[in-house]
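Structure first, then comments.
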Amino acid sequence: MSKIGIIVASSNNNQKLAIELQKIAIELNYDSEIINLVDYNLPLYSTIEEEKNGIPESVLDLATRIIDLKAFIIVAPEYNGVMPPVLNNAMAWTSRATKNWRDAFDDKIVALATHSGGGGQKGLQAMRIMFQHLGANILAREILTTYDKSLNKNSAIAILHNLTKLSRA
């Protein structure tokens, strides 16, 4: 069975959601790992930064970790109606760290999740657009939690089952 990556772009409520998802994965005997993009503390991507300093070692590590996954869940808050800058920045760097800019994402099975203080749907939509463009196959079912709406464990279980099943195909 392949490992399910849980890529989180937060150190607050979305990190808590990622930990909840990993606990459920463990209950199901699925191998999983949390990759917190905040921990990488990446410089802001720009062509000037890349030309001046090259691809940071931490980006090469991140790209390798993502390439090794067949399926993952992106857990990120909605910021100003889109995804958080740390997610966009990490994916920009990752797409530059491989021979082909889609190498880390092409044909991967991806689920989207968010904990949002607001609606969350726009953030999920922005993530869907980005990861589809990067070549990932996005599950139709999403996870959206808020302060008033906790994680639906049955929905999380179904998503984890689908990630595992589809990543074997």
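State all residues of the range 90-125 that are over 19 Å from Ile6 (Cβ atoms), aliphatic (A, V, I, L, M) and within 15 Å of the chain's Cα centre (by Cα); if no residue qualifies, say none. Answer for the range 90-125, where residues must be over 19 Å from Ile6 (Cβ atoms), aliphatic (A, V, I, L, M) and within 15 Å of the chain's Cα centre (by Cα): just Ala92.
Out of curiosity, is Leu163 part of a helix (DSSP H, G or I), within 25 Å of Glu27 (Cβ to Cβ) and either in contact (Cβ under 8 Å) with a residue 40 or more places away in the chain or more than 14 Å from the chain's Cα centre (by Cα) (or both)? In short, yes. I'd like to check something: does the range 84-103 contain any residue that is surrounded by fewer than 24 Cβ atoms within 10 Å (Cβ to Cβ), more than 15 Å from Leu37 (Cβ to Cβ), touching a Leu at 6+ places or on another chain (Cβ under 8 Å) and of a type in the set (D, E, K, R)? The answer is yes, given that some residue of the range 84-103 is surrounded by fewer than 24 Cβ atoms within 10 Å (Cβ to Cβ), more than 15 Å from Leu37 (Cβ to Cβ), touching a Leu at 6+ places or on another chain (Cβ under 8 Å) and of a type in the set (D, E, K, R). With the structure loaded, tell me whether Lys153 is over 17 Å from Asn12 (Cβ atoms), surrounded by 21 or more Cβ atoms within 10 Å (Cβ to Cβ) and of a type in the set (D, E, K, R) or whether it fails that test. No. None of Leu151, Leu124 is within 22 Å of Lys23 (Cα to Cα), out of contact with any His (no Cβ under 8 Å at 6 or more places or on another chain), touching a residue at least 12 places away in the same chain (Cβ under 8 Å) and not charged (D, E, K, R) except Leu151. Return yes or no: is Arg141 at pLDDT 95 or above and over 16 Å from Ala18 (Cα atoms)? In short, yes. The set of residues in the range 127-138 being crowded, with 19+ Cβ neighbours inside 10 Å and assigned to a loop (DSSP other than H, G, I, E, B) consists of Ala136 alone.
Consider the range 156-168 and keep the residues that are of a type in the set (Gly, Ala, Ser) and buried (at least 17 other Cβ atoms within 10 Å of the Cβ). The one that is modelled with the lowest pLDDT is Ser167.
The values are calculated or read from the model by the stated rules, or taken from the named source; none is laboratory data. The model shown is predicted, which means the values in this text are computed figures rather than measured ones. Virtual Cβ from ideal backbone geometry, glycine too; neighbours counted across all protein chains shown.
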